[in-house]
Structure formats: structure tokens, C-alpha cells
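Below is one structure, written out as C-alpha cells, with a few remarks after it.
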Amino acid sequence: MNYIADFQARTDLVSRYGNNALMLYALQLRFDISDIISIASDALTDGGNDKKCDLIYVDQDAGVAVIAQGYMKQTPKDTDLAPGNKACDLNTAAAWAFAQNPDDVPEQIREQVRLLQSSIENNSIGTIYFWYVHNLNEQNNPQIAEELSAMQTSARILLKSLFSGSETEVFAFEVGNETIEKWYNASSKQINVTGTFEVETPKVGFEIIGTKWKAYITAVSAKWLKEQYITYKNDLFSGNPRTYLGSGKKKNKINLGIMETIAQQPCNFWAYNNGVTALVNSYSVTEDEDGKEQHLSISGITIINGAQTTGAISSVDTLKDAWVPIRFIVCNDAEIIDEIINNNNKQNEILPSDLRSNDKTQNRLRTEFEPYTKLYYSGGRRGNIRPSRSKEILDPYIVAQALLAFHGDCVTAYNSKNDLWSSDQLYSSIFPENLTAKHIIFTYSLARAIDSYKLELQQKGENRTAIEEKQHKYLAKRGAKMLFLYTVSKCMEGVIGKKVRDNWAFAFRDNSDFDALVCNWKTVIKSILPMSCSPLEIALTDGLKSKELSENAADTVVGLFASVQDTIQSQLNVFTSAIEPQ
């Protein structure tokens with residue numbers, strides 16, 4: 001197994017999260033998450049009263065949620081069986097996640113359940129995955145597949161009975177060695193579906209040859225396309241920035257339209273649809289003796305544009321004859337492949353950062369980050385070569401959230417993550433000309449310090465003091481991180497003991513050790529957070545929604561902090577000496 005060595009080298013996960021590390025590793029591989037540490041802060045629930053939900057991950061932008069139960073065998077053997085009771089536990093997880101009023105759910109998972117249920121009600125997620133994650137061979141215990149199949153059926157029935165208007169799908173998966181290995185391999189290569197296929201076409205097409213690529217343009221039978229999707233599922237999209245997002249009424253009206261067109265006007269589908277682009281390892285075209293019909297075969301395939309078309313077509317129960325425009329591209333140049341994927345997806349809303357990645361500000365910031373060899377900031381530019389895990393990866397969306405919250409708008413930072421890159425107004429306010437790499441490191445390390453301190457409190461468990469328990473309960477609430485980040489920024493005059501003339505100028509003197517910066521911030525966090533919980537919770541009654549409430553709450557904390565500033569100033573000296581003078 002290639003993934004095992006890679007996982008064991010992930011000290012950032014193993015040392016922090018112990019037996020939960022594999023779940024996070026699998027989540028990161030499956031959904032291509034840059035900063036899994038930030039995600040873990042909100043998603044991990046594992047503890048004595050988690051109701052069999054070790055992890056609840058909700059991504060409204062991608063339209064997916066994951067509820068996971070994990071098992072890690074120490075020194076596993078090839079013949080070891082994964083415990084079957086863990087698969088059964090997911091039934092309990094489903095009951096608590098779907099059926100309970102969030103107010104009656106244990107505090108440990110309350111906020112995650114509240115977010116999951118509201119996302120289902122709003123049709124903000126199209127798919128919920130139940131995972132049983134373990135580090136053993138899947139084929140060893142066939143009972144697990146049976147248990148998960150039964151669990152999937154009961155969870156679907158429960159979901160439909162409680163949320164009758166929801167079109168959210170539910171799937172239960174065993175995520176053992178074979179699945180994790182497949183995801184690991186897919187993360188490092190574009191084409192995951194191999195083999196040779198005879199393609200059902202109208203027997204006509206044409207070829208275009210470029211300098212480093214060639215392509216065959218034709219149409220493909222909708223039934224053939226559905227057959228491939230039914231067979232290979234999301235493996236068919238291994239080179240695609242996103243998989244099929246479903247057809248929920250709120251988020252995926254386009255997919256509903258595709259389904260209606262293919263069902264009601266199949267003869268016009270070719271004219272109405274933009275079609276599909278696929279990367280293949282090779283293709284060959286043969287002609288009949290009379291030259292009137294062409295026959296196409298391909299080796300390997302990944303659909304890099306057209307996941308929604310493919311998934312929508314495959315969701316129609318009875319397909320009539322219809323043709324789908326398609327082009328099959330062969331290219332062996334990694335950089336060209338990367339550009340093909342990026343440019344083919346520019347019309348999608350999947351990653352607004354793609355469209356900003358080449359502007360002058362992001363180009364400048366990437367250059368400014370080059371001296372910091374232990375840090376990686378993409379500036380929204382995605383590549384098919386994964387950055388080294390020995391580097392601290394600064395996720396561009398979390399960068400934007402931290403910057404916006406620090407500079408005054410924690411509500412938008414929390415609620416409109418994707419808009420921060422897609423909205424011209426928001427983007428220009430977050431990434432102004434005077435923004436420096438050093439200031440990004442300054443705000444990002446604060447965000448990471450909040451996550452790290454939350455983990456410390458969580459791992460103390462029953463050993464938390466009364467004050468620590470109050471802090472832990474606060475940090476578990478939706479929007480708490482962004483609100484507290486904003487509050488810290490408003491307290492900076494009290495922290496440094498003088499007037500702040502330009503809060504965009506805040507930076508550390510030495511940015512060579514990111515972990516040291518996080519430790520510096522924890523001193524500040526421990527000074528401010530104990531007095532912040534009560535006033536800040538007022539702004540989080542129903543999530544972080546009111547700018548007025550968040551501003552008033554933060555101002556209250558600023559006043560409280562000012563009253564003890566002289567008393568605690570000495571313990572902040574290490575931090576103040578570490579930052580550049582204003």
C-alpha cells in the first residue's frame with residue numbers, strides 16, 4: 001500500500017489527532033482539502049458522548065457532508081478483520097444526526113448537528129456520506145458491506161421521513177486500505193479509470209493535433225455515458241475539480257434542467273448542452289472499408305469537464321436515444337494538462353480563486369512567499385503536483401476569511417467563504433495593494449492558534465477547569481472562531497500597549513518558524529478568551545449572522561480587556577517583542 005508510508009509521514013496529523021488522524025487523512029484525500037487542521041477544528045467530535053459520530057464534516061459550497069466512525073488497529077496484519085460493530089454504530093450516528101432536535105443533542109456534537117440539519121432543510125447539501133474508516137483490508141470482513149448496505153437503506157428512509165422536501169442522497173461506504181489507496185493514487189495522477197473501451201458514437205468525428213496534445217471530437221451516446229458513471233462512479237472524475245453535485249432544488253437548478261432536457265427533448269440535447277471534455281491515455285480510430293463509418297476506442301478516461309452533465313444524465317431512470325458532445329484529449333505534458341483542466345472549468349463556480357490566480361496581486365504575493373521555504377501559498381493557483389506536506393499549506397480561502405475577519409467583517413468571512421474570491425468588491429477589500437505576505441502569515445497564524453488551542457481544550461476532556469470548560473463550549477459554537485479573530489484584532493491596541501496606526505502593517509519580525517508564531521498567539525488568546533466567552537456568545541445565538549451584534553460584543557470585550565491591560569501587560573511582552581513596530 002503506497003498510502004501507508006505517506007500517512008505515517010504525516011506527523012502534522014498523527015501527533016495531533018492520534019487514532020483520528022486516519023479519518024482526517026482520508027477526508028483530505030477525498031475532497032482535496034488544503035488545510036485539514038482548520039477543518040479538523042470544526043469537524044472532529046470524537047469523545048465520550050459523541051453518539052458514534054467521530055467526525056461530522058459539512059461543506060455547503062461543495063454540497064456534501066460526511067459522518068464518520070473510525071478504527072485504527074495498532075500493528076495491523078493482512079489477515080486482521082475490521083470490527084463489524086463499528087459499521088453498526090453508524091445507525092446510531094444517523095439517528096442522532098437526523099432525528100434529534102439539536103437542543104437535545106449532547107453539547108459535543110450539537111453545533112455540527114445543527115449545521116447539518118439546517119443544510120438539509122435548505123437543500124444546501126446534495127449528498128451525505130457515512131464512512132467507516134479503518135486501516136485494514138476491506139475484503140477480510142464481508143459482514144461490514146452487508147451492515148453498511150442495511151444502514152444506508154435505513155438512513156435514507158429516516159431522512160425522507162424527517163425531511164420530506166429534501167432531495168439529499170445518502171451513501172454508506174467502507175473506507176479501508178483499498179479505498180484509501182485508491183484515493184491516494186488518484187491524488188497524484190489525473191486518470192484513475194484504466195482499461196480499453198469501445199465508445200458508442202455516431203460513427204463520425206474529426207481530429208485536431210496541437211504541439212503537445214491531440215484531440216478527437218465527436219458525440220457519445222447518453223446511454224454509454226450513463227453506463228460508465230454507473231460502473232465507475234466518482235472515479236470517472238478523478239481529474240475533475242469536483243464530482244457530481246446532485247440536483248437539489250436550491251443549489252443545482254442547472255442539473256435539474258439537464259435532467260429535464262434529456263428526458264423530454266433528447267433529440268435536441270446535443271444542441272442544448274455544452275458537452276463533455278475527457279482526458280484519455282490514448283485513442284484509436286478505425287474506418288470501415290468504404291470509409292463511411294468511424295469506430296473509436298479509448299484507453300483510460302477521466303472527465304475533466306462535464307461532471308454535472310454526466311451525473312444528471314445518469315440520474316434519469318429511463319434514457320431515450322440522445323447524443324452528448326464530447327472531445328477526447330491525449331496529453332503527456334503535466335503543465336499543459338493542468339492548464340487544460342483549469343481552463344475547461346473557468347465557467348464553473350467551483351473555485352472562484354481560479355479566476356483570480358493570475359492577477360497582479362496574487363502574482364506579487366506568491367513572489368513574496370518564495371523566501372519562506374517552509375510555507376506554501378498558492379494564491380488560488382492550482383497545480384497537479386501536490387505541495388510537499390513538509391510545508392505549512394496556507395489555504396487561499398482560509399487566508400481570505402482570516403484577513404476579512406481581522407479587518408472588520410467576521411460575519412461575511414464566516415457565512416460567505418466562496419464569495420470572498422468571486423465578488424469583485426469583497427476581493428478588492430481583502431487583497432488590496434498594500435497587503436503583504438508577512439501580514440497574511442500574521443493573520444493565518446492567529447487563525448491556526450485558535451484551532452490549536454481549541455484542540456488542546458478538547459483533548460483535556462474531563463480535566464478541563466471550569467474556566468477552560470466555558471472556553472471550550474464557546475469555541476464549539478458556529479462562527480466562534482471568526483468572531484474571536486475579529487475580537488482579537490479590535491484588542492490589538494491593548495495588546496501592544498499603544499495606538500495602532502495601520503492594522504494592515506501588523507507582521508512578525510521572524511516568519512521562519514510557523515509553529516513558534518502559533519505559540520506566540522496562544523499567549524494573546526489565553527489573555528483575552530477567558531473574559532470574552534459570555535459577551536461574545538450573545539452574537540452567536542443562532543450562528544454568526546449580525547454585524548451589529550458582533551461589533552457590540554467585541555467592543556464589550558475591548559472594554560474588559562482594557563480594564564486589566566496594565567495587570568497582564570508583562571505576560572504579553574514576548575508577543576509584542578516578536579512583532580514589527582507600528
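The values are calculated or read from the model by the stated rules, or taken from the named source; none is laboratory data. Given the structure is predicted, the values throughout are model-derived calculations rather than measurements. Cβ sites come from the backbone with ideal geometry, for glycine too, and all protein chains shown count toward neighbours. Remember, those area values only see protein heavy atoms, side chains included, never the ligands or the DNA or RNA. Shrake-Rupley method; radii C 1.70, N 1.55, O 1.52, S 1.80 Å.
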Looking at Leu44, is it touching a Leu at 6+ places or on another chain (Cβ under 6 Å) and more than 14 Å from Ile180 (Cβ to Cβ)?
yes
Given (1) surrounded by fewer than 15 Cβ atoms within 10 Å (Cβ to Cβ); (2) under 30 Å from Thr79 (Cα atoms); (3) of a type outside the set (Phe, Trp, Tyr), number of the condition Gly210 does not satisfy:
(2)
Anything in the range 565-582 that is open to solvent by less than 50 Å² (accessible area, probe 1.4 Å) and part of a helix (DSSP H, G or I)? List them, or say none.
Gln565, Ile568, Gln569, Leu572, Phe575, Thr576, Ala578
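Yes/no per residue for (1) within 32 Å of the chain's Cα centre (by Cα); (2) touching a residue at least 40 places away in the same chain (Cβ under 8 Å); (3) within 24 Å of Thr211 (Cβ to Cβ):
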| position | (1), (2), (3) |
| --- | --- |
| Val285 | no, yes, yes |
| Ser297 | no, yes, no |
| Ile301 | yes, yes, yes |
| Ile304 | yes, yes, yes |
| Thr309 | yes, yes, no |
| Ala312 | yes, yes, no |
| Val316 | yes, yes, no |
| Lys320 | no, yes, no |
| Cys331 | yes, yes, yes |
Cβ-Cβ under 7 Å, sequence separation 6+ or interchain: first residue in the range 553-574 and more than 13 Å from Val495 (Cα to Cα) and touching a residue at least 24 places away in the same chain (Cβ under 8 Å), partner part of a helix (DSSP H, G or I) and open to solvent by 70 Å² or more (accessible area, probe 1.4 Å). Which pairs?
Ala553/Ile538
Boolean, Ala62 is touching a residue at least 40 places away in the same chain (Cβ under 8 Å), of a type in the set (Gly, Ala, Ser), open to solvent by 20 Å² or more (accessible area, probe 1.4 Å) and in a loop (DSSP other than H, G, I, E, B):
yes
Exactly one condition in (1) over 19 Å from the mean Cα position of the chain (by Cα); (2) of a type in the set (S, T, N, Q); (3) open to solvent by 30 Å² or more (accessible area, probe 1.4 Å) is false for Ser166; which is it?
(3)
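Would you be able to say whether some residue in the range 192-200 is in a helix (DSSP H, G or I) and at pLDDT below 85? Explain how you work it out, then say what you get.
From the range 192-200, those in a helix (DSSP H, G or I) are none; that's our starting set.
No; the residues of the range 192-200 include none that is in a helix (DSSP H, G or I) and at pLDDT below 85.
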Assess whether Lys481 counts as being outside any helix (DSSP H, G or I), open to solvent by 10 Å² or more (accessible area, probe 1.4 Å) and not β-branched (Val, Ile, Thr).
no
Counting only residues that are buried (at least 20 other Cβ atoms within 10 Å of the Cβ), in a helix (DSSP H, G or I) and not hydrophobic (A, V, I, L, M, F, W, C), how many does the range 118-151 have?
2
Pick out the one residue from Ile303, Ile329, Ile313 that is part of a helix (DSSP H, G or I) and modelled with pLDDT of 80 or more.
Ile313
Which pairs have Cβ atoms under 7 Å, sit 6 or more apart or on different chains, and link a residue in the range 167-181 that is without any contact (Cβ under 8 Å) to a residue 60 or more places away in the chain and closer than 19 Å to Ala97 by Cα to one that is open to solvent by 30 Å² or more (accessible area, probe 1.4 Å) and part of a strand (DSSP E or B)?
none
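Restricting to the range 267-296, and then to whatever is open to solvent by 20 Å² or more (accessible area, probe 1.4 Å) and part of a strand (DSSP E or B), can you tell me which residue is farthest from Ile341 (Cα to Cα)?
We begin by selecting, within the range 267-296, every residue open to solvent by 20 Å² or more (accessible area, probe 1.4 Å); these are 267-268, 270-274, 281-295.
Next, only the ones that are part of a strand (DSSP E or B) stay: 282-287, 294-295.
Working: Ser282: 17, Tyr283: 19, Ser284: 22, Val285: 24, Thr286: 28, Glu287: 30, Gln294: 28, His295: 27 Å.
Per the criteria, the residue is Glu287.
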Pull up the range 541-563, narrow it to residues that are open to solvent by less than 10 Å² (accessible area, probe 1.4 Å) and part of a helix (DSSP H, G or I), then point me to the one that is nearest to Thr576 (Cα to Cα).
Phe561
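Any residue that is within 25 Å of Arg16 (Cα to Cα) and small (Gly, Ala, Ser) - is there at least one of those in the range 98-105? Step through it out loud before you land on a result.
First, the residues of the range 98-105 that are within 25 Å of Arg16 (Cα to Cα): none.
Checking the range 98-105: not a single residue is within 25 Å of Arg16 (Cα to Cα) and small (Gly, Ala, Ser).
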Output the number of residues of the range 152-163 satisfying the condition of being open to solvent by 80 Å² or more (accessible area, probe 1.4 Å) and hydrophobic (A, V, I, L, M, F, W, C).
1
Whether any residue in the range 214-221 is modelled with pLDDT under 95 and not hydrophobic (A, V, I, L, M, F, W, C) is what I want to check.
no
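I'd like the residue in the range 98-117 that is open to solvent by less than 10 Å² (accessible area, probe 1.4 Å) and of a type outside the set (Val, Ile, Thr) and, out of all such residues, is farthest from Ala62 (Cα to Cα).
Kept after step one, since they are open to solvent by less than 10 Å² (accessible area, probe 1.4 Å), are these residues of the range 98-117: 98, 105, 109, 113, 116.
Narrowing further to those that are of a type outside the set (Val, Ile, Thr): 98, 116.
Numbers: Phe98: 20, Leu116: 14 Å.
Selected residue: Phe98.
Among the residues of the range 1-57, count how many are in a helix (DSSP H, G or I) and not polar (S, T, N, Q). Show your work before the answer.
Kept after step one, since they are in a helix (DSSP H, G or I), are these residues of the range 1-57: 2-8, 11-31, 36-43.
Those still in the list that are not polar (S, T, N, Q) too: 3-7, 12-14, 16-18, 21-27, 29-31, 36-37, 39-40, 42-43.
Going through the range 1-57 one residue at a time, the tally reaches 27.
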Looking at Lys86, is it open to solvent by 20 Å² or more (accessible area, probe 1.4 Å), over 30 Å from Leu256 (Cα atoms), assigned to a loop (DSSP other than H, G, I, E, B) and not acidic (Asp, Glu)?
no
Within the range 531-540, identify whether any single residue is open to solvent by 50 Å² or more (accessible area, probe 1.4 Å) and either closer than 17 Å to Thr443 by Cα or outside any helix (DSSP H, G or I) (or both), and answer yes or no.
no
Residue check: is Lys498 out of contact with any Pro (no Cβ under 7 Å at 6 or more places or on another chain), part of a helix (DSSP H, G or I), surrounded by fewer than 21 Cβ atoms within 10 Å (Cβ to Cβ) and touching a residue at least 40 places away in the same chain (Cβ under 8 Å)?
no
Note: among Ala26, Ala5, just one is in contact (Cβ under 8 Å) with a residue 60 or more places away in the chain and either over 16 Å from the mean Cα position of the chain (by Cα) or surrounded by 19 or more Cβ atoms within 10 Å (Cβ to Cβ) (or both), namely Ala26
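Can you tell me which residue is least open to solvent (accessible area, probe 1.4 Å) among those in the range 420-458 that are charged (D, E, K, R) and more than 18 Å from Leu115 (Cβ to Cβ)? It would help to see each step written out before you state the result.
From the range 420-458, those charged (D, E, K, R) are 424, 433, 438, 448, 451, 454, 456; that's our starting set.
Okay, now just the ones that are also more than 18 Å from Leu115 (Cβ to Cβ), so 424, 433, 438, 448, 456.
Numbers: Asp424: 106, Glu433: 117, Lys438: 64, Arg448: 8, Glu456: 66 Å².
That would be Arg448.
Give the residues of the range 494-508 that are more than 32 Å from the chain's Cα centre (by Cα) and closer than 17 Å to Ser577 by Cβ, sorted by residue number.
Here is the first cut: in the range 494-508, the residues more than 32 Å from the chain's Cα centre (by Cα) are 494-502.
Those that are more than 32 Å from the chain's Cα centre (by Cα) and closer than 17 Å to Ser577 by Cβ: Gly494, Val495, Ile496, Gly497, Lys498, Val500.
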